[in-house]
Structures are given as structure tokens and as C-alpha cells.
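Report on one structure; see the data block that follows.
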Amino acid sequence: MEERARSCLLRSRATLEQDIKASYLMDHMISDGVLTGVEEERVLSKPTRREQAAALLEVLLWKDNRAYISFYNALIRESYGDLASLLHNDLPQLSPEGEKSYSNGISPTVQAILSEGGVPQRPVVFVNRPALLNKVREKLYKLQNAVGWVTVFGMAGSGKSVLAAESVKDHTLIKECFPDGIHWLSVGQCERADLLVRLQSLCFRLEQSQVSEAPLRPPSSLEEAKERLRFLMLRRFPRALLILDDVWDSYTLRAFDIQCRVLLTTRNRSLTDSVSGRFSVPVESGLDEEKALEILALYVNGKLHNLPEQARSIVKECKGSPLVVSLIGALLREFPERWGYYLRQLQKKQFQRIRKSSSYDYEALDQAMDASLQVLKKEHRELYKDLSVLEKDVKVPAKVLSVLWGKELEDVEDVLQEFVNKSLLFRDCNQRPYLYYLHDLQLDFLTEQNRSQLAVSLHSKVIRQYQQAYSKGLPTSVDVECLYWYRFLPHHMARAGLSKELYSLMFSLDWVKNKAQIMGSAHLINDYVEYGAILDQENSEVRLQFQEFLSLNGHQLEQRPFPDVVQLALSQPHSSEVYKQALLQAKERANRG
Ligand code: ADP
């Protein structure tokens, strides 16, 4: 259901709940084919009229535009004219004409499908690449009647993700080939545990997008997650498209080899060699000259033919890299007279001396990033430097940075807005709260630049700031940023060389309890393995005791409602640190009564 319609339903919810009689309305909705008998039964199983009304609205909120219209018509037929008028202004348009008449070419229906599936929006300045786009869509049409893989491959920063997102912004394509939706997953370079977390969140999202009886526990191993995903795609989303963005290795790919329709972006051309039913589209590393110039023109609000002569040289210097052109464009928007200056900056190649890491091979990116940083206020430049501590492909809410920078959330949002305007940072608006992330070439640049300060100064700062913000206790699931801390706190401690802090965190039953509840046990076990060498310097026995506790109780810790961890821990051997901490907590509980 498109955003306007859903928002209207939410706003009118209380009034509707008060007045409607669900059973009358459902007859009409069933005969319109927008409600199933099972859903009707579920609504009718509620004891009171009001609860039935609430249940019907809940079901409706998960449905599409047709359901909204059918509900509206049912209200009219059942003489709830005044209530229908609440919904009237936000009635979605279903005719193909209505779908086509939107200025950016993306109808609200398509927009709703894409944001539900987490497909990223266009960058602030965007140019179309019609020839490439048509090639990708042509291949996607081949998935109309058969499962298979479409791969978009090319260098980092060449615009693959933008192209993949753009390719599905097409009403006819969705209707004819992927009527069960489009689901986007940013994969990136990931280890086994990270891959599991990504699969868990995809399963969670798919399960959430349909009303189900009871929430299922998250899958606890990669194999289980793969099976869950296979089942979900086969049974509930048989003709949906899964978009896997930035896959690095065939090991990751295998986790998604579940006989469904996949669009994949990757830097590795031969990645899909081993799977069947594949079609690929190469993306050149740079935009062609005219397109790159168009980006510059859009940034400075000018016409192509009015661009100064240096514009072509700038494009040539950065080989049309969309990422670099966007960085320079954002600078020129602010300093429109600096064409010559930025061209000279790009030509300087002063950063060639920096050691390059794997994916990092754009000299022009270095120069452009440096030029963008130079125009930031000194204070903001320091704040941007702090982003070097982020891991690749990790998106964070502003609240994490508010802790890191020790600033009010609103001030942080202002700073982030400035970074986004300068193309130094990207924002995922599909999530609430918004999530922010760096392109991994930018992160490579930051890591290289701040290598010497990373451990001692930057990661240590994360820990100091965290300790200050959570001096009263661990973050809880009501904090939007808690997921970040449960996932990355041990990582920052290890990188900062703060072994003492790491021991006391990971040898604490409270940490185990909270992290297991929020993220499941698999990630936690992985932490004990990953930081085993550091923990063992303190006490390898205790490390093994925690690990053993988790391995033995992993299955229980995945159950919802969440079990009493203190009780579980009390069944450990009495010599175990896990048992000792549980005993203390049990006694405290008893004292408190
Ligand atoms: P890749 O996935 O190949 O690493 P992205 O698709 O993430 O690259 O693109 C990198 C950046 O380049 C984007 O964040 C955006 O700023 C810019 N960009 C890419 N494609 C376009 C486009 N068609 N129009 C404008 N800018 C683009």
C-alpha cells in the first residue's frame, strides 16, 4: 500500500476502531478478493466489536492499494459515509495512466513496493544511463517465467548499486515479472557470523511483511537460515526478486542459492560461474563523458553547453567515476568559481604514496576526497575522521554518532546533513530512523589516511564515549542504537587494544544475556572465537566456560519468549564462572524479594 494511503489509515485508526463493524465490511472485502477466509476468521476470533475492528485494520495495513480501495467502498456501502470521507483524499490511483503521470516516473505504488523491500533511493543528483538500464531490464525479463541470476559486475564506485536500484523502478516489470515484491539486501564483504545476521534480518523482514500467527525465533545457523529463506521465497514470495548488493565471494553466494530470482551486483566477474540460469551485464568503470558532464551541470544548476572547458578535463582525470564526479560536483555547487582549482587538485596525485588496500585503486578519489575534506570546518573534519572506525558496509543511525561525538542528536543530524550534501556520506531513507553509511572506497581512503591513529586514538575514543553514555548500564532494546553496540563494542575494544575492558565485558553474564536476547546466540559464540586469543591471555578457562554455556544452550537462547538466563546458567558446573555469576544474581533477586 502506498505511503499516503497507509499514513491516512494510521491517522484515522482510532476513529475507525471506535465506529466500524468489521464483520459487515469483511463480506465486501472478501468478494473483492482482497481478504482471505483465514484472515476473516482471525478477525472474528477477537471477543469484542472494537477488538475485531482493530484486528481488521491491522490486517489492512499490510495489504496493497486495492485493499484500501475495497475497504473504502465497503464503508460507503455500509453507510459509513463520514468515515469514508476520512479516507477519500488519499485514495490511491490504480489506472495505468495514474501510474505514469508522476514527475520522477516512479508511481507511489512502485515507490511503496520498493521502500517496503528496502531498495535505496536515487542519489541526490542522478543521471539516467538508459542503454545500461535497458540491458539490465532485458535480462530481468528473462526471469519472468524461470528462476535464475542476473549479475551486474564492474569496479567499485562504477554505479552498480545505483543501476540495480534503478532497474526495478518500473511498474510493468514489477507487475509482469516480480508481482511478489522486490527485496534488497546489502551484503558486502562478510564473515560467517555477519552473513548469518544479514540472513536473519532478511528472513525477519520477509516474515514481517505478512501477518503471521506468531513471530518465529531467528534462525540460529547459516544452514537453518538458508532453509528458512528458501521456504519463505518458495511458499510466500514465489515470484519476488531478491537483490543482493555487492557480493564478494562464492561462499556468500551459496547461502542464497535457493532456486529463486536474484539480481546481484559484484566486482567479481566470475562469481556466478557455478550457478545455473545466469545472465550478466558489465558496467564500465566510468560514466561516458556526456553523462559525467551532466552530473557536474546538475550540481551547479547549469546547462551542459555552459560548462567551462575544465569540466571535460575533470571528467577525464577521474575517468568518469560517478563517485568522484559527485564529490567534485558537490564542491563546485558551493564554490562555483573553482573549476580550475579542483582540476589542479585532481592532477596533483600527491596521494599516490599512500599504501593501497585491496579495493582501493582510484587516485582521483583520493584527491577529490581530500579537496572535500579541506572545505569542511576544522571541527567537522575531525568528526568525519572519526568515521574511520566504522566497518565496511555497516549503516548506523545518527544516535550512534551522537554517542561517539558526545553531541545532541539534532546537532549530529545537522553535521550529517552537511556530509550528505557534499557526497561524503550516504543516507538510507528506507529505514526509520535514517541510517548513514560511507561508500567503501571512502572508508578505504579514511582508513589509509588515519592508519596510525586508528587504534590508539580513534577506537579508544569510541570506548571512552560509550562508557560515558552508558555509565548506568548496558543499552537496552528500546535504544535504537543498541544493535550497533551489541555487534561492534567488542570489536572496538579489541582494535583499541583495551584487553581489560574486553575481558570484563565478555566475561559478564549480563552482556551475554542482553546480546543473546537482541542478536541471538550465534553471533555471541562467534565473538568468543574471534577474540579468543586476547581473552585467553586473561583466562582461557573462563573463556571456554562461557563458550560452552552458549553452545549447550544456544537453542534455548533462540526461543521467544526469551528464557531466564540466570536459571539456565545455574545448571552449569559449580566451578564455572557462568554459574558463579548466576548464583550471585539469584541471591540478589532473592534479597530483593
Ligand atoms: P558501486 O555499487 O559500483 O560501488 P554505487 O552505485 O554505490 O557504486 O555508486 C557510487 C556513487 O556514485 C553513488 O553513491 C553516487 O554518488 C554516484 N553515482 C552512481 N551512479 C550514479 C548515477 N547514475 N547518477 C549520479 N550519480 C551516480
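Values for this structure:
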{"quantity": "Loop trypsin sites (Lys or Arg not before Pro), region 450-484, which have at most 14 other Cβ atoms in a 10 Å radius of their Cβ (DSSP)", "calculated": "K472"}
{"quantity": "Mean separation of Cα contacts under 8 Å (6+ apart) over length of the chain, as relative contact order %", "calculated": "11 percent"}
{"quantity": "Relative contact order (%) - region 442-545, alpha-carbon pairs under 8 angstrom, separation at least six", "calculated": "24 percent"}
{"quantity": "Region 562-593: trypsin sites (Lys or Arg not before Pro) falling in loop per DSSP and having at most 15 other Cβ within 10 Å", "calculated": "none"}
{"quantity": "q = 0.06, 0.11, 0.13 Å⁻¹, the chain: log10 I(q)/I(0) [Debye, one scatterer per Cα]", "calculated": "-0.37, -1.21, -1.47"}
{"quantity": "P(r) weight above 22 Å for region 124-274, C-alpha pairs, percent", "calculated": "40 percent"}
{"quantity": "Potential lengthening between S85 and H171 on full extension [0.36 nm per residue; Cα-Cα distance subtracted]", "calculated": "28.1 nm"}
{"quantity": "Point-to-point label distance, K472-S12, nm (Cα→Cβ direction, 7 Å offset)", "calculated": "4.2 nm"}
{"quantity": "Solvent exposure ordering (accessible area, 1.4 Å, most first) of M155, M369", "calculated": "M155, M369"}
{"quantity": "Karplus-derived 3J(HN,Hα), 6.51/-1.76/1.60, for each residue of region 51-58, Hz, glycine and proline x", "calculated": "5, 5, 4, 4, 5, 4, 5, 4"}
{"quantity": "Dipole of the chain, positive direction: furthest Cα of L387, P47, H88, with charges on the beta-carbon", "calculated": "L387"}
{"quantity": "If the convex hull is drawn through the Cα atoms of region 397-484, its volume per residue in Å³", "calculated": "108 Å³"}
{"quantity": "Gain in span if fully extended, Q189 to E410, counting 0.36 nm per residue against the direct Cα distance", "calculated": "76.4 nm"}
{"quantity": "Over region 466-582: Rg over Rh, Cα atoms, Kirkwood Rh", "calculated": "0.94"}
{"quantity": "Whole-Å distance, taken between Cα centres, linking region 516-593 and region 1-63", "calculated": "44 Å"}
{"quantity": "Nonlocal amide H pairs with S321, under 5 Å, H built at 1.01 Å", "calculated": "L287"}
{"quantity": "Taking N as its residue count, the alpha carbon Rg of region 530-592 over 2.2 N^0.38 Å", "calculated": "1.22"}
{"quantity": "Sites C429 and Q208 - FRET efficiency at Förster radius 22 Å, r taken between beta-carbons, to 0.05", "calculated": "0.75"}
{"quantity": "Ordering of 255-262, 159-166, 27-34 by packing [mean C-beta count within 10 Å, highest first]", "calculated": "159-166, 255-262, 27-34"}
{"quantity": "Cβ charges +1 (Lys, Arg) and -1 (Asp, Glu), total dipole of the chain, debye", "calculated": "620 debye"}
{"quantity": "Those trypsin sites (Lys or Arg not before Pro) in region 269-306 that DSSP places in a loop and that have at most 13 other beta carbons within 10 Å", "calculated": "R269, K303"}
{"quantity": "Whole-number percent relative contact order across region 196-285, with pairs defined as alpha carbons under 8 Å at least 6 apart", "calculated": "23 percent"}
{"quantity": "Solution diffusion estimate, µm²/s, Stokes-Einstein, region 415-539, Kirkwood Rh from C-alpha pairs, 25 °C, viscosity 0.890 mPa s", "calculated": "151 µm²/s"}
{"quantity": "Convex hull volume per residue in cubic angstrom - Cα atoms of region 191-285", "calculated": "106 Å³"}
{"quantity": "Modelled FRET efficiency - R0 35 Å, N268 with Y141, Cβ distances, 0.05 increments", "calculated": "0.90"}
{"quantity": "Computed Rg/Rh of region 225-369, alpha carbon atoms with Kirkwood Rh", "calculated": "1.13"}
{"quantity": "Too-long pairs where the Cα-Cα distance tops 29 Å, listed order kept, from K319/K385; K399/K515; K395/K472; K226/K407", "calculated": "K226/K407"}
{"quantity": "Gain upon complete extension [L133, D19; 0.36 nm per residue less C-alpha separation]", "calculated": "36.1 nm"}
{"quantity": "Rounded accessible area of I76 (nearest 10 Å², 1.4 Å probe)", "calculated": "90 Å²"}
{"quantity": "Helix-only [θ]222 nm of the chain, DSSP H runs n ≥ 4, -39500 (n - 2.57) each, per residue, nearest 500", "calculated": "-17000 deg cm²/dmol"}
{"quantity": "Label point distance in nm, F126-S540, each placed 7 Å from Cα along Cα→Cβ", "calculated": "5.5 nm"}
{"quantity": "Under 16 Å from the Q259 label point (7 Å along Cα→beta-carbon), backbone N, region 138-173", "calculated": "145-149"}
{"quantity": "Solvent-accessible ranking of L307, L185, largest area first, probe 1.4 Å", "calculated": "L307, L185"}
{"quantity": "L241 long-range amide H proximity, modeled H, under 5 Å", "calculated": "G181, I182, H183"}
{"quantity": "Hull volume in cubic angstrom per residue (convex hull over the Cα atoms of region 67-189)", "calculated": "151 Å³"}
{"quantity": "Pair H574, K392: separation of 7 Å Cα→Cβ label points (nm)", "calculated": "5.1 nm"}
{"quantity": "Rounded to 5, the percent of DSSP beta bridges in the chain classed as antiparallel", "calculated": "20 percent"}
{"quantity": "L552 - accessible surface, heavy atoms, 1.4 Å probe, Å² rounded to 10", "calculated": "120 Å²"}
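The values are calculated or read from the model by the stated rules, or taken from the named source; none is laboratory data. No experiment lies behind these values; they were computed from the predicted model shown. Every residue, glycine among them, receives a Cβ derived from its backbone with ideal geometry; neighbour counts consider all protein chains shown. The area values use the complete protein model at the heavy-atom level, side chains included, leaving out ligands, DNA and RNA. Shrake-Rupley method; radii C 1.70, N 1.55, O 1.52, S 1.80 Å.
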